[in-house]
Amino acid sequence: MEARHSLSEAQFIRRTLIVIALVALAMFLWMLRDVLLMIFGAVVVAALFRSLASQFQRLHVPQGLALALSVLSIFAIVGGALALFGSQIIAQTETLSQTLPKAWESLQARITASGLPLDADQLKPTGAGSNLAAQAGSFVMSLGGGLADALLIIVGGIFIAASPRFYTAGAVKLVPDSKRDLTREAMADSGKALRLWLKAQLVAMVLIGLLTGLGLWILGVPSALALGLIAGLLEFVPFVGPILAAIPAVLIALAIDPQLALWTLLLYVLIQNIEGYAVQPIIQSWAVEVPGAVLLFALLACGAMFGPLGIIFAAPLTVVVYVLIKRLYVREALDTATPIPGEDQPETKPAR
């Protein structure tokens, strides 16, 4: 009897310690959530480098040289674009930073002069209830202050891309031996889905940036090149990105002429419709599609947990988590047949 009592006490103490250890681990991971998100960002960058390197490997280029060429190619493209348009972008960005406050004041003046039952002072940013424009400005400032984090993510991505098997093997060793093959397959599925999503997103970003810059230039909106670049970059963030991209363009156009502001707003609406009804169906035919509701609420959750950096990486993180849940939980744990995003899509494999 005493032996049973001692055994039950030992089991209780052991289980209590396990619960305490799990809670402590969860708190530790929560404190490091920003670092973990940056690690995931490095994985996204590595996937981008590896996707481009696979194109060089098709030409029978060795793996290491192919990766080096992919990194150099991306930096060359960015450097070439800066060399060709850098001075114009910098000048237009400075003009944009000077024009936006004046455009905001012009909007307040128009509201006051219109006699609408709306106090223009209520539109000014306040501490507790900042408006959408203030949030957009805060978001852009946060991005500008994250250059060091961006550099760290890029360097980390290069290291991961250089030895993907090493890091994959290390992650697989964290699970029991009986589940390692399944884990390896699930990671391969999520990696493929991520690469396909990145491919589609880069195409959409380039098209949206070009269409926006060209459309604003035709309308005569100042700083069309800088605004087109902003629209292309913010296209990486679903739902919120296009709205944030449209705000400065509409404000600048409104400071010039209300009719121009209306045409500018219609231009952004038209471009988004072109993307939704023409570009996305073509892209999704060879890429990965995630349900819109899942992506929307994931964006809100990542923004609440991680801030601006979480908003940036919410979509690729959702793609990875969505695939892992369907592969490991729905298909394996529940033994329910379900399609895996990107599973039926062909992926270019390097020649050996």
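Condition check: farther than 23 Å from residue 293 by Cα and of a type in the set (Asp, Glu). Does residue 189 satisfy that? Answer is no for this residue.
Taking the condition surrounded by 18 or more Cβ atoms within 10 Å (Cβ to Cβ), small (Gly, Ala, Ser), touching a residue at least 24 places away in the same chain (Cβ under 8 Å) and more than 25 Å from residue 52 (Cβ to Cβ), does residue 190 pass? Steps first, answer last, please.
Numbers: surrounded by 18 or more Cβ atoms within 10 Å (Cβ to Cβ): yes; small (Gly, Ala, Ser): yes; touching a residue at least 24 places away in the same chain (Cβ under 8 Å): yes; more than 25 Å from residue 52 (Cβ to Cβ): no.
Spelling it out, it is not the case that residue 190 is surrounded by 18 or more Cβ atoms within 10 Å (Cβ to Cβ), small (Gly, Ala, Ser), touching a residue at least 24 places away in the same chain (Cβ under 8 Å) and more than 25 Å from residue 52 (Cβ to Cβ).
Scanning region 241-256 turns up no residue that is more than 17 Å from residue 202 (Cβ to Cβ), surrounded by fewer than 21 Cβ atoms within 10 Å (Cβ to Cβ), small (Gly, Ala, Ser) and out of contact with any Lys or Arg (no Cβ under 9 Å at 6 or more places or on another chain).
Closer than 25 Å to residue 341 by Cα, out of contact with any strand residue (DSSP E or B) (no Cβ under 8 Å at 6 or more places or on another chain) and surrounded by 19 or more Cβ atoms within 10 Å (Cβ to Cβ): is that true of residue 208 in this structure? When the stated conditions are applied, residue 208 passes them. Against the list (1) loosely packed, with under 13 Cβ neighbours inside 10 Å; (2) acidic (Asp, Glu); (3) modelled with pLDDT of 85 or more, the condition residue 332 fails is (1). Taking region 192-287 as the region of interest, the helices (runs of 4 or more DSSP H) fully inside it that hold 1 or more residues being among the β-branched types (Val, Ile, Thr), in contact with a helix residue (DSSP H, G or I) (Cβ under 7 Å, 6 or more places away or on another chain) and more than 23 Å from residue 314 (Cα to Cα) are 240-256, 258-274.
The residue pairs whose first member lies in region 11-36 and is touching a residue at least 24 places away in the same chain (Cβ under 8 Å), whose second member is in a helix (DSSP H, G or I) and surrounded by 10 or more Cβ atoms within 10 Å (Cβ to Cβ), and whose beta carbons are closer than 8 Å, counting only pairs six or more residues apart or on different chains, are 33/305; 33/306; 34/306; 34/309.
Using the structure shown, decide if residue 293 is crowded, with 20+ Cβ neighbours inside 10 Å, over 15 Å from the mean Cα position of the chain (by Cα) and over 20 Å from residue 209 (Cβ atoms). Walk me through it before giving the result.
Values: crowded, with 20+ Cβ neighbours inside 10 Å: no; over 15 Å from the mean Cα position of the chain (by Cα): yes; over 20 Å from residue 209 (Cβ atoms): yes.
The answer is no for residue 293.
So, of the residues in region 203-219 that are touching a Leu at 6+ places or on another chain (Cβ under 8 Å) and touching a residue at least 24 places away in the same chain (Cβ under 8 Å), which turns out to be nearest to residue 52 (Cα to Cα)?
Here is the first cut: in region 203-219, the residues touching a Leu at 6+ places or on another chain (Cβ under 8 Å) are 205, 209, 212-213, 215-217, 219.
Still in the running and touching a residue at least 24 places away in the same chain (Cβ under 8 Å): 205, 209, 212, 215-216, 219.
Numbers: 205: 17, 209: 21, 212: 26, 215: 30, 216: 32, 219: 36 Å.
Within region 203-219, the match that is nearest to residue 52 (Cα to Cα) is 205.
Filtered by the rule that a residue be part of a helix (DSSP H, G or I), in contact (Cβ under 8 Å) with a residue 60 or more places away in the chain and either within 13 Å of residue 240 (Cβ to Cβ) or not hydrophobic (A, V, I, L, M, F, W, C) (or both), region 304-321 gives 308, 310, 311, 312, 314, 315, 316. Within the set 53, 3, the sole residue that is modelled with pLDDT under 85 and part of a helix (DSSP H, G or I) turns out to be 3. Here the condition is being surrounded by fewer than 13 Cβ atoms within 10 Å (Cβ to Cβ) and either at pLDDT below 70 or assigned to a helix (DSSP H, G or I) (or both); of 89, 111, 77, it holds for 77 alone.
The values are calculated or read from the model by the stated rules, or taken from the named source; none is laboratory data. Model, not experiment: these values are computed from the prediction. All Cβ positions, glycine included, derive from the backbone under ideal geometry; neighbour counts span all protein chains shown.
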